[in-house]
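A short worksheet on the structure shown next.
Every number here is computed from the coordinates shown, using simple stated rules; none is lab data. For clarity, every value in this text was computed on a predicted model and none was experimentally measured. Heads up, the Cβs are rebuilt from the backbone with ideal geometry, glycines too, and the neighbour counts pull from every protein chain shown.
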Amino acid sequence: MSQNIVLKKGLNIPITGKADLRVSKAILPGIVAVQPGEFKGLLPRLLVKEGDSVLCGSPVIADKKNADILLTSPVSGKVKEIVRGEKRKLLAVLIETDGEQTCAEFKLESAEKLDSDSIRKAILASGLWPMLIQRPYGVIADPAVKPRDIFCSAYATAPLAADVEFCFADKVKDIQTGVTALSKLTEGAVHISFGPGESALQRITGAEFHTFEGKHPAGNVGVQIASIRPIRKEDIVWTISLDGLAAIGHLFNTGKLCLRRRVAVGGPMVIEPSYVETIPGTPVSVLAPFYGGDAEGLRIISGDVLSGRNVGAEGYVGFFDNQITIMKEGTEREMFGWIRPIRYRQFSTDRCYFSWLMPWRRYDMDTNLHGGPRAFLMNDGYYSKVLPMDIYPIFLAKACLAGDIDKMEKFGIYEVLPEDLAVCEFVDPSKNNIQEMIADGIDLMIKEMA
Amino acid sequence: MNKIFEKGGKLYWLHSTADAFDTFLAVPGTVTRKGSHVRDAVDLKRIIIVALIAAVPAALFGMWNVGYQHQLATGGTGLHIIANWWYGFLRVLPLYIVAYVVGLAIEFGTAQIRGEEVNEGYLMTGFLIPLIVPIDTPLWMLALAVAFATIFGKEVFGGTGMNIWNPALLTRAFLFFSYPNNMSGSACWIKTKAGEQLVDGFTGATPLALDGAAQYSTSFWSEFIGTIPGSVGETSTLCILLGAILLIWTGVASWKIMLSSVAGALFVGFLGQIGGATAIPCWEQLILGGFAFGTVFMATDPVTSAQTECGKWIYGFLIGAICITVRLFNPGYAEGMMLAILLGNTFAPLIDHVVVTLHINRKFKAA
């Protein structure tokens, strides 16, 4: 069964610096970081100490609540440092690579023959389980649950997102195995949503295909779920990225953990935007040639400009991310900015400016807030015109602000993650942090529903 | 910004004020800290200034009309564009000064108390207030009304964005109910200098306040262009339409509210016409009194109007319908637009509640 869904609402952020479809560098970093903070719902328990030798696939961190959920080392080498923050909070485990990439062997039969229990155990042992994200709430999937469906987006609409065909066309075999394995973990099906046009990934069998067409966030898996089969109270679905599917498939095909992926390095401040081949946990400092070496006044984001994390020049490529965006910190003040009739260099969706007349233009955006924080003033419709979901975004955000569980449920907190409302946050003339409001609301739900 | 305005500095009590002027001159250099790393270039300052520009034609014409009406009343003839405008400008200016000084003082003060930045919303409110009051309103009354509307209509709810009623209309409502003698009749719409004599038989009453045949003495064109007595900014439907075009073009105000308000007015006006309640054709209701100004600039206030797209249709229709109902069936009030909008504001949350609840029920039934 296949559906063709056209979403009219949305907004593509016209930012410069799209990565050319070529791999400019393959990186095996000297150090990688395993960062438990990236995983929502994980209470880390350290399994290694400084000086320990690890293989690619050796457990490094376990979850305190469920000891089966592991984070494993993506490289072979030695634990160099355990980085802790305030109150000894575990921030990262730094592993010095030995350059050999010796892998721990997982002896596995082919995914077709294995039953669901063995598949679950294999994914857990390899450290790939955290690739599975549960909705609602966006936490690591609970291995004890059989989800209604598993969703994966093969349609990238986020600003400067990595090209799906370029990154995954040669991983069809692994993704196929991943689909086969995961389809045994769900009551329903594995759903893959494509963008318009042909895709090499459409050769895959055993998954339900959907086609989406629209502006961002049409490529967000949350928006796709809402169009295919919305999440209601008591429903649990899982989502996974294509990188996750490929890694799980690779595990069953070869018995080895491999998190190598193509990462798009783009953004207005990038010299020759292109792709690198690397592993999550790579220090972004190895990307210094892309920004000329001096990170002063730059913001380095793991992920896209709407919902990525500001990792700074000392940070690391995120576990879930396959793009790095580099842009300028917008600390300069613009004289009479708001009153100028035309601000040619600035992008706005609002018709109070004129950039909507020039849809072909791309802008060197920076991180300036372009205004001061205010109470919500514009109507809900101002925001919902960029959100292709059947929810009232500002009613939901206000319910989250008020901490009203009943209203949050009604307004659709189960269906969204902060990233889905990122575009609403972008267009907000009151400069509210809508994603943070939703995230706080979700945290409250987790606390109250536990 | 200068250090003395920062926390611990000598002039910290002026922090919000200094910040307001500072950000007025240049977009602040603040960067995104949380959430989306890039933001749209638009901010509330821009949206408010566009709304304000939309009201400028009505304001300029209103000033000219003040002079023109004065000239008619004192027996002058001719258009005298500059002279009449200047006469009106000098009469309207004090109203503006009072509206802005009183309102902004309260706005700056409360922003400082709350430790927030000053919201731009009052720039629009202050621009509208002189346009919807009679030109002869005593300044102390206006000051009192502005203070009441700003404090009890807005700040007690938490400032711009949290208020239930449109503060500009609340100002007018306060004047209307507290000082009815100064707010209606035939004298208040004309500003005369001391010692001037009105010509015999001249009435400064608005067309709506006249009965029977007198209503017809004003032609369609004078009603449409606005050369009739009335509150400063509301007489010229033509200038208001110019503003409406800008508001709809930029999307600052909702065309749905405007359209449904017109539909509501036509509907009740038509019923009244065929039912024999009035002899005024229903379309003429649209160009009389404060209907056009209220529909374009007041009903569409995004804070106090219905929030949902579906709710906007109901909300607008309600305002248009109530306005004409008051005009036709209430002999006490010649004009119903102010009350219609305030009532619409009151009902807007209820309308939204019904719309949203129905939507949620439908959504969860389907699942």
- Put one equal scatterer on each alpha carbon of chain A, apply the Debye formula with no solvent term, and list log10 I(q)/I(0) at q = 0.07 1/Å to two decimals. -0.34
- Task: Take every residue in peptide B:60-70, count the Cβ atoms of other chains within 10 Å of its Cβ, and give the average of those counts.
- Result: 0
- Message: In chain B, once you exclude exposed GluC sites (Glu not before Pro) (DSSP loop, at most 16 other Cβ within 10 angstrom), what's the longest stretch remaining?
- Response: B:7-195
- Query: How crowded by other chains is A:329-338, given as the mean number of beta carbons from other chains within 10 Å of each beta carbon?
  - Reply: 6
- Note on the structure: For chain B, longest principal axis from Cα atoms; helix B:81-114 axis from its Cα atoms; angle between them, nearest 10 degrees, is 30
- Item | Note, ³J(HN,Hα) from phi for segment A:308-323, Karplus 6.51, -1.76, 1.60, rounded to Hz, x at Gly and Pro | x, 9, 6, 9, x, 5, 8, x, 10, 5, x, 4, 9, 8, 10, 8
- Query: Measuring from label point to label point, each 7 Å out along Cα→Cβ, what is the A:Glu234 to A:Leu401 span in nm?
  - Reply: 3.4
- Which whole number gives the average, over all residues in A:360-373, of C-beta atoms from other chains lying within 10 Å of the residue C-beta? 6
- Task: State whether the protein assembly as shown is rounded, prolate or oblate according to the following rule on the C-alpha gyration tensor (a ≥ b ≥ c being the square roots of its eigenvalues): a/c under 1.5 gives rounded; otherwise a/b larger than b/c gives prolate, and the remaining case gives oblate.
- Result: prolate
- Query: Which chymotrypsin sites (Phe, Trp or Tyr not before Pro) in segment A:305-359 pass both tests, a DSSP loop state and at most 11 other beta-carbon atoms within 10 Å?
  - Reply: A:Phe336, A:Tyr344
- Candidates B:Leu52, B:Leu142, B:Leu93: whichever shows maximal mean-square fluctuation once chain B is modelled as a Gaussian network with Cα springs under 10 Å: B:Leu93
- Note on the structure: Residue-ordered couplings for segment B:221-229, obtained by feeding phi - 60° into the Karplus form 6.51 cos²θ - 1.76 cosθ + 1.60 and rounding to whole Hz (Gly and Pro as x), are 5, 5, 6, 6, 6, x, 8, 10, x
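Grab the beta carbon distance between A:Ser24 and A:Arg345, set R0 = 30 Å, and tell me the FRET efficiency rounded to 0.05.
Working: r = 28 Å, r/R0 = 0.95.
Given R0 = 30 Å and the Cβ-Cβ separation, E is 0.60.
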- Query: Expressed in nm to one decimal, what extension gain is obtained for the pair A:Met335 and A:Asp364 from 0.36 nm per residue of sequence separation less their Cα-Cα distance?
  - Reply: 8.6 nm
- Working from Cα positions, state the angle (0 to 90°, nearest 10) between the long axis of helix A:434-449 and the longest principal axis of chain A. 50
- For A:Lys25, residues with placed amide H under 5 Å, excluding near neighbours: A:Glu277
- Message: Using only Cα atoms and rounding to the nearest 10 degrees, what angle (0 to 90) does helix A:393-402 make with the longest principal axis of chain A?
- Response: 80
- Task: Multiply the residue separation of B:Leu11 and B:Ile151 by 0.36 nm, subtract the distance between their alpha-carbon atoms, and state the gained length in nm to one decimal.
- Result: 48.0 nm
- Message: Could you tell me how far the Cα centroid of segment B:125-159 sits from the Cα centroid of segment A:222-268, in Å?
- Response: 57
- Radius of gyration and maximum dimension Dmax of segment B:59-147, Cα, Å: 15.9, 55
- segment A:287-357-segment A:1-59 distance, computed between alpha-carbon centres (Å): 20
- Kindly write out, for segment A:127-143 in residue order, the coupling ³J(HN,Hα) from the Karplus curve 6.51 cos²θ - 1.76 cosθ + 1.60 (θ = phi - 60°), rounded to whole Hz, with x marking Gly and Pro. x, 8, 4, x, 5, 8, 10, 8, 10, x, 5, x, 9, 4, 4, 8, x
- Message: Mean-square fluctuation check for chain A, GNM, Cα pairs under 10 Å: which of A:Lys113, A:Lys398, A:Lys256 is largest?
- Response: A:Lys113
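Over the Cα atoms of segment A:166-223, compute the convex hull volume and normalise it per residue, giving Å³.
Numbers: hull volume 5.3 nm³, N = 58.
Taking only Cα atoms, segment A:166-223 has a hull volume of 92 Å³ per residue.
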- Could you please rank B:Val98, B:Val262, B:Val66, placing first whichever residue has the fewest other Cβ atoms within 10 Å of its Cβ? B:Val262, B:Val98, B:Val66
- What does the charge dipole of segment A:159-233 about its Cα centre add up to, to the nearest 20 debye, if the Cβ of each Lys and Arg holds +1 and the Cβ of each Asp and Glu holds -1? 380
- Message: How would chain B be classified by its alpha-carbon gyration tensor: rounded, prolate or oblate, with rounded meaning a/c under 1.5 and the a/b versus b/c comparison settling the rest?
- Response: oblate
- Item | Amide H contacts under 5 Å for A:Glu334, placed H, 5+ residues apart | B:Val27
- Counting only residues 5 or more places away or on other chains, whose amide H sits under 5 Å from the amide H of A:Gln101 once H atoms are built in the peptide plane? A:Ser76
